[in-house]
């Protein structure tokens, strides 16, 4: 797992020629994506009673998790992991997964009077933690292949034909999003971003085109809402259900639909990235702590979603902006220093007692966000 700064060139002797330079764009992109995650979950209940909320929901879900997966892949290493990196899969992913599954079981027991813990079925947002762990484990093997993008695209499309691949261990979503993660790694592996100056060179016409693309998709979401509802488009964006579940029967052409969904996600992600600020902002540092937002926001939203207070809100032109503003504010608060200080033992545990070699969890060790952002 590498830092969120660009890799510097090496000298002939193999040493680093200059210090690493942190690129603010990646922290901006990471935090923008997590804001969309919170926003999508925040407005979900509004979609039952408001067409404009539903259109907004489709706009977000078309690309926000593919974009997040690409960023995670961009900062992942394909080399065989050393012992320290292997230990971090346990401390950064598996242990937080067990902790938060236990917290969800406790929450449901206290609120709903039932607790049915099942570690094979991730609770709500926890599927992405397992996906990140699986991505890391298989990336060194994918890197050995001649055409890793072609293979993972085939896997992402082909898994939909297999009805027995489901949400167990979040495998259906993981394989469905595998192409985006691999694409992010491939862009870094081949130095595409630097060579093509994709961050530094963004003329006005490129930003204008990106704005047109995102605005055009927003219009299509609204104008074609009845069609999208009829074909259950939002569930296609989850990359979770098999084609048989989505279409009601096995259809040979369903893979072409997922290919179109993947192409749409790539186009919208590129447009989204093109509009993000490339220089440091006052909120840039928060992009290093996206997992705090990801793991905690569901507990903040849970009482609002389950109590029904987000149902039947009228007029939409007031409540949609209000819920949007509160969702964005939630992301900022959960990434703040006081929240991180309180919840660090849960999200960044250091269980030295688990390891035969306790030095693998050194007290002064640098910590990374599971998505790949190395802390300053």
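The values are calculated or read from the model by the stated rules, or taken from the named source; none is laboratory data. Because the structure is predicted, anything quoted here is derived from the model rather than measured. Counting neighbours? That spans all protein chains shown, and the Cβs are built from the backbone with ideal geometry, glycine included.
Please pick out the residue among 263, 274 that is without any contact (Cβ under 8 Å) to a residue 24 or more places away in the chain and in a helix (DSSP H, G or I).
Working: 274 fails: without any contact (Cβ under 8 Å) to a residue 24 or more places away in the chain.
On inspection, the qualifying residue turns out to be 263.
Go through (1) under 22 Å from residue 300 (Cα atoms); (2) touching a residue at least 12 places away in the same chain (Cβ under 8 Å); (3) surrounded by fewer than 22 Cβ atoms within 10 Å (Cβ to Cβ) for residue 85 and report which single condition fails.
The single condition residue 85 does not satisfy is (1).
Given the conditions (1) surrounded by 14 or more Cβ atoms within 10 Å (Cβ to Cβ); (2) at pLDDT below 95; (3) out of contact with any helix residue (DSSP H, G or I) (no Cβ under 6 Å at 6 or more places or on another chain), and given that residue 332 satisfies all but one, which numbered condition is not satisfied?
The number of the failed condition is (2).
Read through the list (1) surrounded by 15 or more Cβ atoms within 10 Å (Cβ to Cβ); (2) in contact with a helix residue (DSSP H, G or I) (Cβ under 6 Å, 6 or more places away or on another chain), then give the number of the only condition that residue 120 fails.
(1)
How do the pairs read when you match residues in the range 222-242 that are within 19 Å of residue 262 (Cα to Cα) with residues anywhere that are exposed (fewer than 14 other Cβ atoms within 10 Å of the Cβ), using Cβ under 6 Å and keeping only pairs 6 or more apart or on different chains?
Cβ pairs passing all conditions: 241/235; 242/163.
Given the criterion modelled with pLDDT of 95 or more, out of contact with any strand residue (DSSP E or B) (no Cβ under 6 Å at 6 or more places or on another chain), farther than 21 Å from residue 269 by Cα and part of a helix (DSSP H, G or I), identify the matching residue among 52, 34, 71. Talk me through it step by step, then tell me what you get.
Numbers: 34 fails: farther than 21 Å from residue 269 by Cα; 71 fails: farther than 21 Å from residue 269 by Cα.
Testing whether each residue is modelled with pLDDT of 95 or more, out of contact with any strand residue (DSSP E or B) (no Cβ under 6 Å at 6 or more places or on another chain), farther than 21 Å from residue 269 by Cα and part of a helix (DSSP H, G or I) leaves just 52.
In a helix (DSSP H, G or I) and touching a strand residue (DSSP E or B) at 6+ places or on another chain (Cβ under 9 Å): which single residue out of 212, 193 fits that description?
Details: 212 fails: touching a strand residue (DSSP E or B) at 6+ places or on another chain (Cβ under 9 Å).
Selected residue: 193, the only one of 212, 193 that is in a helix (DSSP H, G or I) and touching a strand residue (DSSP E or B) at 6+ places or on another chain (Cβ under 9 Å).
Any residue at all in the range 310-317 that's surrounded by fewer than 15 Cβ atoms within 10 Å (Cβ to Cβ) and modelled with pLDDT of 95 or more?
no
Among the numbered criteria (1) within 27 Å of residue 74 (Cβ to Cβ); (2) over 19 Å from the mean Cα position of the chain (by Cα), which one does residue 124 miss?
Condition not satisfied by residue 124: (2).
Just to be sure I understand, how many residues within the range 230-249 are closer than 26 Å to residue 153 by Cα and part of a helix (DSSP H, G or I)?
Result for the range 230-249: 10.
Can you list residue pairs whose Cβ atoms sit under 8 Å apart, with the first residue in the range 173-190 being touching a residue at least 60 places away in the same chain (Cβ under 8 Å) and at negative phi and the second being surrounded by 24 or more Cβ atoms within 10 Å (Cβ to Cβ) and part of a loop (DSSP other than H, G, I, E, B)? Count only pairs 6 or more apart in sequence or on different chains.
Matching pairs, first to second residue: 173/239; 176/239; 177/239.
Given (1) surrounded by fewer than 16 Cβ atoms within 10 Å (Cβ to Cβ); (2) in a helix (DSSP H, G or I); (3) at pLDDT below 95, identify the lone condition not met by residue 256.
So residue 256 meets the others, but not (3).
Among what's in the range 141-158 and is free of Cβ contacts under 8 Å to residues at least 60 places away in the same chain and closer than 19 Å to residue 263 by Cβ, pick the residue that is farthest from the chain's Cα centre (by Cα).
Going residue by residue through the range 141-158, those that are free of Cβ contacts under 8 Å to residues at least 60 places away in the same chain are 141, 144-152, 154-155.
With closer than 19 Å to residue 263 by Cβ added as a condition, the list becomes 147-152, 154-155.
Details: 147: 24, 148: 21, 149: 19, 150: 22, 151: 21, 152: 18, 154: 21, 155: 19 Å.
Step by step, filter the range 141-158, then rank; the result is 147.
Do you know which of the residues in the range 87-115 that are in contact with a helix residue (DSSP H, G or I) (Cβ under 7 Å, 6 or more places away or on another chain) and not in a helix (DSSP H, G or I) is farthest from residue 349 (Cα to Cα)?
Checking each candidate, the answer is 114.
State all residues of the range 246-257 that are over 21 Å from residue 55 (Cβ atoms) and within 24 Å of the chain's Cα centre (by Cα); if no residue qualifies, say none. If you could, list the steps in order and put the result at the bottom.
Applying the first criterion (over 21 Å from residue 55 (Cβ atoms)) to the range 246-257 yields 247-256.
Residues satisfying the conditions are 255, 256.
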